[in-house]
Amino acid sequence: MSLPGLEPGHTGNTLSLDSDSINDPINGPINIYNGDVKLANKDEPQYLTLSIGMQWSLELGKQDLVGQHVKIYITVLSGICEVLGTELANDVEYCFQDWNFSVLAIEDSRIKWRLVNLMIPLDDPFINNVTPNDNAKYVYNLHFAIEKLRCSSFTGPKVLILGNKNTGKTSLSRILSSYSIKNKAYQPMFINLDPEQPIVSPPGCIMATPISDLIDLQSPFWNESLTSGATKLHSRQPLIKNFGFEKIEDNFDWYVDTVRQMLDTVDRRLYNDPLVQRSGCIIDTPSCFYESYESFESVLNMIISKMKIDIIVILSANTNNDISTTINAEPINKIIDKNKCSVIKLPKLTGVIPNDDAYKRLLQRLAIRDYFYGDLNTVITPYVTSCDFTDLIIWELPVNNRSDTFNGSANVGDASIPSNNQNNGNNNNTENDMSADTVKSLTLQPVEVNQPNLQHAIITIYHCPKRTEPKQILQSSVMGFALITEVNEKRQRCKLLLPVPGSLPKNALVLTSYRYLE
Amino acid sequence: MDGETEAVVKQFDFVLKELTFNSRPIITTLTKMAEENISCAKYFVEILENRIDKCVPSQKLFAFYALDSICKNAGSPYTIFFSKNLFKLYKKTYLIVNNQVRTKLISLFKSWLQPTKATGEPVFDKTTLNVIENFLVKASALHQKNLESMLPTPTIPLLFKEIDKLTALSNERIKDLKDNNNVNSEDYNKLLAKLEVLKQLRLVLAKEKLSGNALKQVQLQLKQVFAQDQQYLQEKHRIQQQQQLHQQQQGAEREQSQSFISNENYSFNTTSNIAGASHSGTSIIPLFNNNKNSDRISNLNKDLNLQNSSESSTTFSTLFGPNSLSTTASSLNYGISSGLNFTQPNSNNTNNVTDFLELGKQSKLNKLQNLYDSLSKENLLYIPSKNSIVTLFDKLNSIRNVDGSDSINSDIEKLSQKLPSISTLLNILNDFHALMIVNNINLDNAPKLQLTQENILSNETSKIVMDNFIHLIYRGKPNKCSTCGKRYGNTPHEKMLQCYHLDWHFRINRRLKGTSYNADDNNSTTFVATQRNIQSRNWYIPDLQWVGFKDDEIVSTRFNNDSKSTTDIGEENRKRNFGEDTVGGKRKKRSEENMSSPQKIGGNINSAEDTMDLSADLHEHYVIVPETMVDNSYKCSICQEKVTSIYDDDIGEWIWKNTIQVDGKYYHATCYKETKNI
Ligand SMILES: [Zn+2]
Ligand SMILES: [Zn+2]
């Protein structure tokens, strides 16, 4: 397959989107496949019986034989099925596209499914991947142990989830979040610390939101935010902190600062919101937290102390057998106070579909599209506006890939973080406390307004006026994002997409590393 | 109303709204609620009266059934409350429903005249019942007139046809008598005489020229005779049924009763074929013994049945008595004790057609009751127990069509098709199982759920969790939303939440479907959304505001019109303060503008009382269109003008200009001010 700007191996910052395949796969060009494979098509609903405990894994993040995006409709006819902890309504047809997920049978269930206009061999493993979910029972055990803690204190359990790549950290977070709102009306705070995976936000952000109602089981991004207007399910009012880079190591100091800002704000919310406080927190982390543990020791310490983490769940890349023996060898034991914090090690979740870079970028593109155009259920219209070059004052943070960051020798953020703790979140960083390198990492630089710099760029709009001191901009709240769709150097004008009608707010703007080609 | 009452009343209202068909389960639910919440009687009565008054004619009868059931089962104070407006409602309803429903209303009324078991007195007081009876007498006299005018103008060929039909009918009876070796009976001779008369009449008609009036007389007389014969045939079926009832074995009870129905049905069809072929669907089915008043009565009945029998080829008719027997023993039980059959409208409703004037004929009913009692005494009746599958079937199978099939097997087949599916039964069993478990578990008393590495990975914990605790997050809350799958429990609070939740789905879906809006001409924006998610989109709120945000503002699905409550106002003020921060000199949007409660409005004016007089320019008042509005327009109740929303660029919201909100209603700010000043 070849999508413009998405040739394999493309690793640049540009996120491109083929309008045919993404915007309207159904009405896209009709491709005729002449092979002799028996194909599933829309005229043939298929039936599947999932026995209790079986899991049907669907890999929709890839394309079919002719490069179309796979779209599947699923109806649960009887029994109980769930997607990552959220139950499907029976006799309702759900549509899924562009993500890898699985359907778990809680009871013996009968499922009807169909594919639309797609060329998929019926024996393709992607629609036949039914396996027993052996580890679901541990997730239930963990959930009810956590639920028991919720019943017993006004300060709910604070769970930090760590683990290797592709062990199911985000799935576990999502399942635990979903389960926690089922029995009682808890509203646990979910925090996503992985800027590479967009959850209730465009990519490049970290995010915190109480899970106060159903997670949208059709959405890889969990839920829409209130910035999408009215949606089919209740949306979230998230706290968004913009990191803006693709990789944490692109500006590690800024990442740490972003996390610190977020946790300070979350802490104040918990103080104000007894229901959320009581429901606890579930924190999802990028795999580097665990894999490059030594580099992140200070970050982990900051999270554990700021959030008063009492449960650390480690998802092991290994299988069940050796877990109990390896638990004591976990390096994490070195940095935590065993009296305050229990460490639980679980085998990796059953049926995790490994994420590759292409899939990660697909989700990032979709999250940007989602922010401006809505999702499968709710189409929304972005507002098109334009402005003169002279109206644009755009800043950016430098890429400061400190080679020492991930080899264990860096002592990240140590200078600033402890003093912050003592001052209870007051931002009193002074340049004196920081190394010169850190100062450099956190210094905004003006961006020259021209086509190469800005075409297709996502820019962050802050809740502070245009002329705000650069140092203060980084401490401000994120108001939203704009997409620069066109930079006309001749006429010295830019065209932009905004989520909200109106002209471009006269606010501080910071360029992100993300590009989106419509 | 306190909160609990409000919840119960809301629930009652919710259930009542589901009563769009004749559903015994719904009526039972309503009755139970009425019984259990006597303190809410006043509100229930109000809601139910309102329902009878306001719902579409086709559903009024069911609401009356609910009233009936509540009054008969819960008794006073419901009977007293309902008596007040009963006549008014009854009359109003009677006058706008079709004849089919009228007959059912009459049956219903008739049942009210019978003494109840509890008090030995009729359900309602005598005055109320008398007024209704008088009304029905007048109404039936009108019917009589209508009927005569509805009969086709008698012509000689038409009368010939009638005579031929009657001849055929009489011949059938003669054949019956012959088959039964009753050739010497009085009836046999009478029938022979009747045939002779018919023959004579035919000759007369053929020879002589009679006046229109005379022909009319002949016509009416023929109808009367016809009614007698029809009557006879129905009596015959009734006797057959009784005989079969005697033979019933307990186990075969259901099948038997089915065969009654098909048998009776079949016979009736035969009868119509012989007797009513030329009437093409308007065959007349008398229902009563032909005595003294029979002329008028049967005519009324004919009238009442005209529509009925023409509407449905599957209807059949018997006497008041056998109609109960013709169904199952269980419904016989219902039928006699309550005078009402909710369960099987299609098989029973036509049977129930009786004339209120025939009430004097209690003896018939008494005879049946006696028969029933003696059968039951001899253990010849099978009465299904409360938890039997038969009762369950009756409940689930509340609508059953009986067609004219003469095959018992096909009836059984149909019956089994209508049995609940395995998955339905499994659902019931599993829900029940889960409920039993959930009621007996407690997270606090579960040492195995102490959070330790050993416990989480232990098989013992897994077993306890998978056998017990897991139900807490699935079937322990048996009411699963059919739209989103969210589960709700059985407590009144949970049920109330589910009501709100359903309302919310409804509103949001209506809204998401998209409507086309026309922005005001003099508005600057050209943003007209069609088939799109038109309502406001927002920026993220500032961190400081997020710190004070409560998610209940998003997830609260309650549509609250009571903007006066102090907590709401407190809430309002709190939010207002949050909303005042500005960026870049512009008004900033506020979190509550996205919320679902209509009273949470933005703009310069939040309520009429507090700031109305402070503003110099009334036209500056506006209200942000609440997300909960299905329609983005409202009608000012003062000037009747329709106000459509426009998009305001500055605040980024759809708003109604020159609008204020008072007590959940919207008015032009100018209109309101003017009216208030007068
Ligand atoms: Zn729902
Ligand atoms: Zn007006």
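The values are calculated or read from the model by the stated rules, or taken from the named source; none is laboratory data. Note that the structure is a prediction, hence the values are computed from the model and not measured. Methodologically, a virtual Cβ is constructed for each residue, glycine included, from the backbone with ideal geometry; neighbour enumeration extends over all protein chains shown. The accessibility values were calculated without ligands, DNA or RNA, using every heavy atom of the protein model including side chains. Shrake-Rupley method; radii C 1.70, N 1.55, O 1.52, S 1.80 Å.
Part of a loop (DSSP other than H, G, I, E, B), facing chain B (nearest Cβ under 8 Å) and surrounded by fewer than 24 Cβ atoms within 10 Å (Cβ to Cβ), is that true of A:L214? Explain how you work it out, then say what you get.
Numbers: part of a loop (DSSP other than H, G, I, E, B): yes; facing chain B (nearest Cβ under 8 Å): yes; surrounded by fewer than 24 Cβ atoms within 10 Å (Cβ to Cβ): yes.
Answer is yes for this residue.
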message = With the structure loaded, tell me whether B:N468 is more than 11 Å from chain A (Cβ to nearest Cβ) and at pLDDT 90 or above or whether it fails that test.
response = no
task = Within segment A:148-167, track down each residue that is in a loop (DSSP other than H, G, I, E, B) and open to solvent by 10 Å² or more (accessible area, probe 1.4 Å).
result = A:S153, A:F154, A:T155, A:N164, A:K165, A:N166
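This table checks each residue for (1) closer than 18 Å to A:I161 by Cα; (2) at pLDDT below 85; (3) surrounded by fewer than 19 Cβ atoms within 10 Å (Cβ to Cβ).
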site: A:G280; (1), (2), (3): yes, no, no
site: A:E291; (1), (2), (3): yes, no, yes
site: A:I304; (1), (2), (3): yes, no, no
site: A:T319; (1), (2), (3): yes, yes, yes
site: A:T326; (1), (2), (3): yes, yes, yes
site: A:A358; (1), (2), (3): no, no, yes
inquiry  = Here is a check on your reading of the model: is A:G79 within 13 Å of chain B (Cβ to nearest Cβ) and at pLDDT below 95?
reply    = yes
3 or more residues open to solvent by less than 20 Å² (accessible area, probe 1.4 Å) and under 20 Å from A:P238 (Cβ atoms): qualifying strands (runs of 3 or more DSSP E) within segment A:435-518 = A:457-465, A:478-488, A:507-517
task = State whether the residues of segment B:646-661 include one that is in a loop (DSSP other than H, G, I, E, B), more than 10 Å from ligand 2 (Cβ to nearest atom) and at pLDDT 75 or above.
result = no
ask   = Is it the case that some residue within segment A:335-346 is within 14 Å of chain B (Cβ to nearest Cβ) and in contact with a Leu (Cβ under 6 Å, 6 or more places away or on another chain)?
value = yes
key: Number of the exception - A:T265 against (1) within 26 Å of A:H143 (Cα to Cα); (2) within 14 Å of chain B (Cβ to nearest Cβ); (3) in contact with a Leu (Cβ under 8 Å, 6 or more places away or on another chain); (4) open to solvent by 10 Å² or more (accessible area, probe 1.4 Å)   = (1)
inquiry  = For the condition surrounded by fewer than 21 Cβ atoms within 10 Å (Cβ to Cβ), acidic (D, E) and more than 18 Å from B:K91 (Cα to Cα), what is the one hit in B:E36, B:E46?
reply    = B:E36
request  = Working carefully through the options A:F243, A:F221, A:F252, find the one that is more than 20 Å from A:L160 (Cβ to Cβ) and more than 13 Å from every other protein chain (Cβ to nearest Cβ).
outcome  = A:F221
The lone exception for B:Q144 - which of (1) open to solvent by 60 Å² or more (accessible area, probe 1.4 Å); (2) assigned to a helix (DSSP H, G or I); (3) at pLDDT below 75 it fails = (1)
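Condition check ((1) touching a strand residue (DSSP E or B) at 6+ places or on another chain (Cβ under 9 Å); (2) crowded, with 24+ Cβ neighbours inside 10 Å; (3) not aromatic (F, W, Y)) across all residues:
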| residue | (1), (2), (3) |
| --- | --- |
| A:L172 | yes, yes, yes |
| A:P188 | yes, yes, yes |
| A:D194 | yes, no, yes |
| A:W222 | yes, yes, no |
key: Filtered residues of segment B:12-44 (kept if farther than 22 Å from B:H493 by Cα and either assigned to a helix (DSSP H, G or I) or free of Cβ contacts under 8 Å to residues at least 40 places away in the same chain (or both))   = B:R24
note = In the set A:L511, A:L497, the lone residue that is within 27 Å of the chain's Cα centre (by Cα) and more than 14 Å from chain B (Cβ to nearest Cβ) is A:L511
key: Those residues of segment B:458-512 which are within 11 Å of ligand 1 (Cβ to nearest atom), open to solvent by 40 Å² or more (accessible area, probe 1.4 Å) and part of a helix (DSSP H, G or I), in sequence order   = B:L497, B:L502, B:D503, B:F506, B:N509
Boolean, A:S178 is within 14 Å of another protein chain (Cβ to nearest Cβ), among the small types (G, A, S) and either out of contact with any helix residue (DSSP H, G or I) (no Cβ under 8 Å at 6 or more places or on another chain) or on the phi > 0 side of the Ramachandran plot (or both) = yes
query = Out of the residues in segment B:662-678 that are under 11 Å from B:Y634 (Cβ atoms) and surrounded by 23 or more Cβ atoms within 10 Å (Cβ to Cβ), which is nearest to ligand 2 (Cβ to nearest atom)?
reply = B:H668
